[in-house]
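Heads up: the structure comes next, in structure tokens.
Every number here is computed from the coordinates shown, using simple stated rules; none is lab data. Only a predicted model underlies this, so the values are computations on that prediction, with no experimental measurement involved. Cβ: placed from backbone, ideal geometry, glycine included. Neighbour counts: every protein chain shown.
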Amino acid sequence: MKVGVLALQGAFIEHIKILNELGIRGVEIRQLKDFSYNFDGLILPGGESTTIGKLLRELDLLYPIREQVVRGLPVFGTCAGMILLAKHIENQPEHYISTMDTRVTRNAYGRQYDSFNITAEFNKHLIEMPFIRAPYIKSVGNDVKVLATVHDKIVAVRQSNQLATAFHPELTKDYYVHNYFVKMIKGEI
Ligand code: GLN
């Protein structure tokens, strides 16, 4: 199994390490020629969505990625990656890959709660969730399944081949969410 990890900016190395530990080849995508069409899955890491979005456009990666996601390529976006996947971003006309029927609010917890860790349920399974200048999901379309909420805010969702979390599971030692994504790739869930 080969999973591409967008490596333009942000926390991509952590995802590659976890994939490797799970026995999966993680391949860095830094430019268009790295974006192979035989990836089994794709990870969009956290970082700064405006920076990653700008680079996606400049490097002509935005449309090839969108096309593959629309065709069914399993994709997992964490934090900024979740923003990149959203069809709607609050207070911002710009959107990026725009394949997930979600409306997200960026930097949603305010300065006081800039970063925090919480243990909460993801798919009815308790995991640690590190939030870093995180967004949350304000609303979702009918085809979107909510997998986690924290303080009544939606923080993890799935829409067929797409998975997104507002938090950073790659910064913990619990690989439950990555295993969930691998099962999505295998078509087991
Ligand atoms: N605040 C960032 C953004 O709006 C996301 C933060 C993160 O990925 N940890 O893009």
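Within the listed set Pro45, Pro135, Pro64, the Gaussian network model of the chain (springs between alpha-carbon atoms below 10 Å) gives the highest mean-square fluctuation for Pro64. Dimensions of the range 37-77 along the principal axes, based on C-alpha atoms and rounded to the nearest Å, stand at 25, 20, 14, largest first. Put a plus charge on the Cβ of each Lys and Arg, a minus charge on the Cβ of each Asp and Glu, and nothing anywhere else: the dipole of the range 120-160 about its Cα centre is then about 100 debye.
Loop-only chymotrypsin sites (Phe, Trp or Tyr not before Pro) in the range 13-98, please: DSSP not H, G, I, E or B, and at most 12 other Cβ atoms within 10 Å.
On the way: sites: Phe35, Tyr37, Phe39, Phe76, Tyr96; in loops: Phe35, Tyr37, Phe39, Tyr96.
Here the sparse-neighbourhood loop sites are Tyr37.
Using 0.36 nm per residue of separation minus the Cα-Cα distance, give me the extension gain between Lys2 and Glu188 in nm, one decimal. Please report the intermediate quantities before stating the final value.
Values: separation 186, 0.36 × 186 = 66.96 nm, distance 1.70 nm.
Full extension of this stretch gives 65.3 nm more.
More than 25 angstrom separation, counting every C-alpha pair in the chain; what % is that? When all Cα pairs of the chain are counted, 25 percent exceed 25 Å. A cut-off of 5 Å between modelled amide H atoms, ignoring neighbours fewer than 5 places along the same chain, links Tyr109 with Ala134.
With contacts taken as Cα pairs under 8 Å at a separation of at least 6 residues, the chain carries a relative contact order of 18 percent. Rounded to the nearest 20 debye, the dipole magnitude of the chain is 180 debye, with +1 charges on Lys and Arg beta carbons, -1 on Asp and Glu beta carbons, and the Cα centre as origin. Taking a sphere under 11 Å around the Cβ of Tyr136 and counting the other residues whose Cβ falls inside, with K and R at +1 and D and E at -1, yields a net charge of +2.
Express in % the proportion of alpha carbon pairs of the range 7-46 at distances exceeding 15 Å. Cα-Cα pairs in the range 7-46 separated by more than 15 Å: 38 percent. Listed values for the range 19-24 are Karplus-derived 3J(HN,Hα) couplings in whole Hz (6.51 cos²θ - 1.76 cosθ + 1.60, θ = phi - 60°), namely 4, 4, 5, 8, x, 10, and x replaces Gly and Pro.
What full-extension length gain, to one decimal in nm, is calculated for His151 and Lys33 as 0.36 nm per residue of separation minus the Cα-Cα distance?
On the way: separation 118, 0.36 × 118 = 42.48 nm, distance 4.18 nm.
Stretched fully, the His151-Lys33 segment lengthens by 38.3 nm.
What does the charge count around Met82 come to, taking other residues whose C-beta lies under 14 Å from its C-beta (Lys +1, Arg +1, Asp -1, Glu -1)? Each step should come with its number before you reach the end.
Numbers: positive: Lys87, Arg103, Arg106, Arg133, Lys138, Lys153, Arg158; negative: Glu48, Glu90, Asp101, Glu170.
The answer is +3.
Along the chain, the longest continuous region that contains none of the trypsin sites (Lys or Arg not before Pro) in a DSSP loop with at most 10 other C-beta atoms within 10 Å is 1-70.
So what is the diffusion coefficient of the range 63-174 in µm² per second by Stokes-Einstein at 4 °C and 1.567 mPa s, using a Kirkwood Rh over Cα pairs? Please report the intermediate quantities before stating the final value.
Values: Rh = 14.0 Å.
Reported coefficient: 93 µm²/s.
Quick one: go through the range 153-184 and flag any residue whose amide nitrogen is under 12 Å from the point 7 Å out along the Cα-to-Cβ line of Glu90. What the label zone holds, given the 12 Å backbone N cut-off, is 153-154.
Within the shell defined by Cβ-Cβ distances under 12 Å, the residues around Val155 carry a net charge of 0, with Lys and Arg each +1 and Asp and Glu each -1. Label reach from Glu121 (point 7 Å along Cα→C-beta): in the range 148-165, amide nitrogens under 20 Å belong to 148-159, 164-165.
How high is the relative contact order of the range 127-169, in percent, with contacts defined as C-alpha pairs under 8 Å that are six or more residues apart? Can you show the working numbers first?
On the way: 60 pairs, mean separation 18.4, N = 43.
Result for the range 127-169 is 43 percent.
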